[in-house]
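These notes are about the structure you will find just below.
The values are calculated or read from the model by the stated rules, or taken from the named source; none is laboratory data. Since this is a predicted model, take the numbers as computed values, not measurements. Every residue, glycine as well, gets a Cβ built from its backbone with ideal geometry; the counts of neighbours run over all protein chains shown. What goes into the accessible areas is simple: the full protein's heavy atoms, side chains included, and nothing from ligands, DNA or RNA. Shrake-Rupley method; radii C 1.70, N 1.55, O 1.52, S 1.80 Å.
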Amino acid sequence: MQGVGSLIVTTPSTNTTAQAASDRAYEHVKRAIIRGDLPGGTAISENALCQEIGVSRTPVHEAFLRLAGEDLLTLESRKGAVVRPMSPNEAADVLEMREAIESTAATRVVTDGRVADVTPSLQAMLAEQEQAVATGDVDRFVEVDAEFHGAVIGASRNAIAVMFARTLRDRQQRLRHHLMRLQPSQLQASLEDHRALAAALEAGDAARYAEVLSAHVASHRGAL
């Protein structure tokens with residue numbers, strides 16, 4: 001900032017620095033919530049977070065407001081910022097919408113003749129997930145899980161489906177992390193489901209894809 005008489009002028013560099021600090025706090029807390037490092041009901045101390053990541057209270061407060069707007073935090077007068085739990089009903093709604101969007105997208109991929117466009121990417125992702133299972137890398141497995149399903153939806157070239165999928169992404173990732181950490185055996189089971197999904201798509205069998213996807217989602221729903 002620069003003083004001009006009694007005026008305080010905020011320079012572009014100051015704004016950029018403040019935004020960067022807010023973004024850093026936002027990404028740090030969001031990642032911890034989605035990974036399950038901050039479970040639902042956890043109260044987050046502004047002061048502790050400031051010290052942990054080395055920023056002032058203002059960008060942390062701004063980050064909390066953004067996260068509250070995304071329904072990841074609730075801001076309470078006495079407790080401050082509290083991680084918002086995902087209710088069973090919300091989890092069920094997310095899984096239901098995810099299945100509907102992806103099943104429809106897979107049908108579009110098959111009927112529009114775009115299977116060959118996405119098959120190589122899916123095979124590469126399966127190889128990555130095999131490696132993640134072998135090393136027990138839950139974080140990488142979950143990330144590629146999202147990429148796998150997102151690739152199928154993206155290949156449909158249905159802009160509305162892609163938009164809705166992006167809206168659901170954070171909630172889906174939170175559910176995936178919760179499931180994989182709660183039941184590590186789901187890593188291998190999920191990999192097998194992905195292989196079956198890729199095979200169904202490569203065969204141009206949209207009905208089989210929908211069948212496997214339904215069972216895949218149902219296993220998640222039952223575990224949660």
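Structure values in brief
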{"item": "Surface accessible to a 1.4 Å probe, per residue, for the residues of region 80-160, Å²", "result": "45 Å²"}
{"item": "Cβ-based charge dipole, region 83-203, positive-most Cα from ALA116, MET86, HIS149", "result": "MET86"}
{"item": "Three-way shape call for region 150-224 based on the alpha-carbon gyration tensor, with the a/c threshold at 1.5", "result": "oblate"}
{"item": "³J(HN,Hα), Karplus 6.51/-1.76/1.60, whole Hz, each residue of region 133-146, x for Gly, Pro", "result": "5, 4, 9, x, 8, 5, 4, 5, 4, 5, 5, 5, 4, 5"}
{"item": "Accessible surface of the chain [probe 1.4 Å, protein heavy atoms]: carbon and sulfur percent", "result": "53 percent"}
{"item": "Length added when fully stretched, ASP205-GLN131, from 0.36 nm per residue minus Cα-Cα", "result": "23.9 nm"}
{"item": "Rel. contact order, % - alpha carbon contacts under 8 angstrom, at least six apart, region 27-83", "result": "41 percent"}
{"item": "Estimated inter-spin distance, ALA124 and ALA92, nm [label 7 Å along Cα→Cβ]", "result": "4.0 nm"}
{"item": "Total charge dipole magnitude, the chain, about the Cα centre, Cβ charges on Lys, Arg, Asp, Glu only, Debye to nearest 20", "result": "560 debye"}
{"item": "Positive-end extreme of charge dipole, the chain - chosen from PRO59, THR104, LEU126 (charges on Cβ)", "result": "PRO59"}
{"item": "Cα-centred dipole magnitude for region 46-156, charges only on beta-carbon of K, R (+1) and D, E (-1), debye, nearest 20", "result": "340 debye"}
{"item": "Amide H contacts of LEU73 (H built 1.01 Å from N, under 5 Å, at least 5 apart or other chain)", "result": "ALA68, ARG84"}
